[in-house]
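Peer 1: Provided herewith is a single structure, encoded as structure tokens, for subsequent inquiry.
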Amino acid sequence: MNKQPVIVERLFNATSEKVWSAITTNDEMKKWYFQLEDFKPIVGFKFDFMGGPDANTQYLHLCEVTEVIEGKKIAYTWRYDNYPGNSLVTWELLDKGEQTLVRITHTGLETFAEAGKDFAKNNFNEGWTHFLYTALKAYLEPED
């Protein structure tokens, strides 16, 4: 079984403070990420949201913040209600002055192997690539 994580990176033309706010402030997250009822970058904070490959297929995601290094790193568990498996999503910010390198590492995806094709590793790779290269980019670096 392949236990390699999905890792997606992107350099943004934004300060690490701006990126940190975008990935940890619920009002900002709603503009480019999932529609969370609430989110707090505090270890032990639990949150959930609906998401899926299309409007007809949605899954309840259950998450809990496990690590926070203010301005640099946040990690949370990522699993699905009534499906086997548990994984970990880690966001790391590397300050490059006026730019910030963002690295998302999603480990434990092999634990979803029995849950069906919607939980295939390539779908997670496509999803995180979309969030970094399309959604978060559009939020942090809007076209003039």
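Peer 1: With +1 on each Lys and Arg Cβ and -1 on each Asp and Glu Cβ, how big is the dipole of the chain about its Cα centre, in debye rounded to the nearest 20?
Peer 2: Details: 15 positive and 22 negative charges, 67 e Å.
With Lys and Arg at +1 and Asp and Glu at -1, about 320 debye.
Peer 1: Looking at this model, which pairs from LYS30/LYS121; LYS3/LYS117; LYS40/LYS121; LYS18/LYS121; LYS46/LYS117; LYS72/LYS137 are more than 20 angstrom apart at the alpha-carbon?
Peer 2: Distance filter (> 20 Å) returns LYS30/LYS121; LYS40/LYS121; LYS18/LYS121; LYS46/LYS117.
Peer 1: For the chain, compute Rh as the Kirkwood radius over C-alpha pairs and then the Stokes-Einstein diffusion coefficient at 37 °C and 0.692 mPa s; write the answer in µm²/s, rounded to an integer.
Peer 2: It comes out at roughly 210 µm²/s.
Peer 1: Report relative contact order for the stretch 38-99 in percent, whole number only (criteria: Cα-Cα under 8 Å, sequence separation at least 6).
Peer 2: This gives 24 percent for the stretch 38-99.
Peer 1: Please sort by residue number the GluC sites (Glu not before Pro) in the stretch 43-103 whose DSSP state is loop and whose Cβ has at most 12 other Cβ atoms within 10 Å.
Peer 2: GLU70, GLU98
Peer 1: Expressed in nm to one decimal, what extension gain is obtained for the pair TYR133 and LYS73 from 0.36 nm per residue of sequence separation less their Cα-Cα distance?
Peer 2: Contour length minus Cα-Cα distance gives 19.7 nm.
Peer 1: On to the next question. Let me have the relative contact order for the stretch 6-140, percent, based on Cα pairs under 8 Å that are six or more residues apart.
Peer 2: Computed value for the stretch 6-140: 28 percent relative contact order.
Peer 1: With θ set to phi - 60°, apply the Karplus curve 6.51 cos²θ - 1.76 cosθ + 1.60 along the stretch 8-17 and write out the HN-Hα couplings as whole Hz, x wherever there is a Gly or Pro.
Peer 2: 3J(HN,Hα) across the stretch 8-17, in whole Hz: 10, 10, 7, 8, 10, 7, 7, 5, 5, 4.
Peer 1: Taking K and R as +1 and D and E as -1, what net charge do the other residues with C-beta under 10 Å from the C-beta of PRO5 add up to?
Peer 2: With Lys, Arg at +1 and Asp, Glu at -1, the neighbours total +1.
Peer 1: Moving to a separate point now. In debye, nearest 20, what is the charge dipole magnitude of the stretch 28-96 about its Cα centre with +1 on Lys and Arg Cβ and -1 on Asp and Glu Cβ, if you could check?
Peer 2: Result for the stretch 28-96 is approximately 140 debye, rounded to the nearest 20.
Peer 1: What is the sum of charges around GLN35, taking Lys and Arg as +1, Asp and Glu as -1, for the other residues whose C-beta is under 14 Å from the C-beta of GLN35?
Peer 2: Local charge sum for GLN35: -3.
Peer 1: Find out how many positive minus negative residues lie around ASP95, taking Lys and Arg as positive, Asp and Glu as negative, among other residues whose Cβ is under 15 Å from that of ASP95.
Peer 2: Every neighbour counted, the sum reads +1.
Peer 1: Moving to a separate point now. Can you tell me how much longer the chain between ALA115 and LYS96 gets when fully stretched, taken as 0.36 nm per residue apart minus their C-alpha distance, in nm with one decimal?
Peer 2: In short, 2.9 nm is gained.
Peer 1: Which loop-located trypsin sites (Lys or Arg not before Pro) does the stretch 66-144 contain, where loop means any DSSP state but H, G, I, E or B and the Cβ has at most 14 other Cβ atoms within 10 Å?
Peer 2: On the way: sites: LYS72, LYS73, ARG79, LYS96, ARG103, LYS117, LYS121, LYS137; in loops: LYS72.
Answer in residue order: LYS72.
Peer 1: May I pose another question? Quick check: Cα centre of the stretch 77-144 to Cα centre of the stretch 1-46, how many Å?
Peer 2: What the calculation gives is 9 Å, centre to centre.
Peer 1: Do any GluC sites (Glu not before Pro) in the stretch 1-49 lie in a DSSP loop with no more than 12 other beta carbon atoms within 10 Å, and if so, which?
Peer 2: Passing sites in the stretch 1-49 are GLU37.
Peer 1: Sum -39500 (n - 2.57) across every DSSP H segment of at least 4 residues in the chain, then divide by the residue count to get the 222 nm mean residue ellipticity, nearest 500.
Peer 2: Mean residue ellipticity at 222 nm (helix-derived): -5000 deg cm²/dmol.
Laboratory data are not the source of any read-out in this text; all were calculated from the coordinates shown. Predicted, not measured: the structure shown is a model, and the values here were computed from it. Here Cβ is always computed from backbone atoms with ideal geometry, including for glycine, and neighbour counts include all displayed protein chains.
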